[in-house]
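Here, each number is a calculation from the coordinates, and none is a lab measurement. If you're wondering where the values come from, they're calculated on a predicted model, not measured in any experiment. Cβ atoms come from the backbone with ideal geometry, glycine included; neighbour counts cover every protein chain shown.
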Amino acid sequence: MDIRGSMVALITPFTPDGGVDEGALRRLVAFHVENHTHALVPCGTTGESATLTHAEHREVIRIVVDEAAGQIPVIAGTGSNSTAESIELTLFAKEAGCAAALLISPYYNKPSQEGVYLHYKRIAEETSFPLIVYNVPGRTALNILPPTVARLAELPGIVGIKEATANLQQIAEVIDSTPDDFALISGDDATVFPTLALGGVGTISVVANVAPADMAALCDAWFSGDVDEARRLHYKTLPLSKVLFVETNPVPVKEACAMMGFCRPDLRLPLTGLAPANRERLRAALVDCGLV
């Protein structure tokens, strides 16, 4: 697949009894197809992968691939702090018909840079599948440094990185030290536009859950050479980039999707619902953007 554009970090809707809401999930996929999202990314941080069982993880991937029906590529989150578990989930995504896999760097056990390199190297060797590294130090307590990314980019199968540091200097260093066909994807909605300007290829976006057409249009405008339109859309979506992170992701975006009628706002512990003041702030922002 051509890894480029607005790729939504898809939420996972739940039923009243706490299971995966297949109907709501299918409606969300259809919504993104209609609004020209460039790829679907289920089972990432925003999809509450940390509290999905392995069976649910597979179920979500299966549903999304089935509903997408080839109209839009699926990049499944398959990462873990266990290399063996990451391999298992990635092989499932491959067999299910995904286009690629997104793998968070090992969290909690805090390996060295060499350990990180060998983790991804082993997964690439065992799966022979397009893999996107996911660097989010704020959650993993581990930053994949540019020299390590440059080494990873040399491995067959490692096709890109979701860079969620919001550190433009690091992003520039990664782009400068990797091949032209290695995809750097923004993992921070507020810095999508400057990341594109540095040479990034798009975003794996939380904002795209609620404003998919705008995020897709921002990327399309940039790649068509309409910098002014891309900049306009950057500032249009910037308030959403702020309010959707007023509490820990995916708490605000799950509430926003509920306000828009897509699903229930239910989360799994230890995540809890938005504070009342933040809920009102979120609703006001959605109203201002014409989304509710």
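Results, tabulated for the structure shown:
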item	result
Residue match in the stretch 181-201 (condition: buried (at least 22 other Cβ atoms within 10 Å of the Cβ), in contact with a Ser or Thr (Cβ under 7 Å, 6 or more places away or on another chain) and within 23 Å of A30 (Cα to Cα))	yes
D266, sole failed condition from (1) touching a residue at least 60 places away in the same chain (Cβ under 8 Å); (2) assigned to a helix (DSSP H, G or I)	(2)
Residue ID - nearest to S128 (Cα to Cα), chosen from residues in the stretch 63-92 that are hydroxyl-bearing (S, T, Y) and crowded, with 17+ Cβ neighbours inside 10 Å	T90
Some residue of the stretch 63-81 being farther than 30 Å from D214 by Cα and touching a residue at least 24 places away in the same chain (Cβ under 8 Å)	yes
Among the residues listed as E95, E114, the single one being surrounded by fewer than 16 Cβ atoms within 10 Å (Cβ to Cβ), farther than 21 Å from I75 by Cα and free of Cβ contacts under 8 Å to residues at least 12 places away in the same chain	E114
Whichever residue in the stretch 261-290 is closer than 29 Å to P194 by Cα and hydrophobic (A, V, I, L, M, F, W, C) and, among such residues, is surrounded by the most Cβ atoms within 10 Å (Cβ to Cβ)	L282
Filter result for T165 (buried (at least 18 other Cβ atoms within 10 Å of the Cβ) and either hydrophobic (A, V, I, L, M, F, W, C) or part of a helix (DSSP H, G or I) (or both))	no
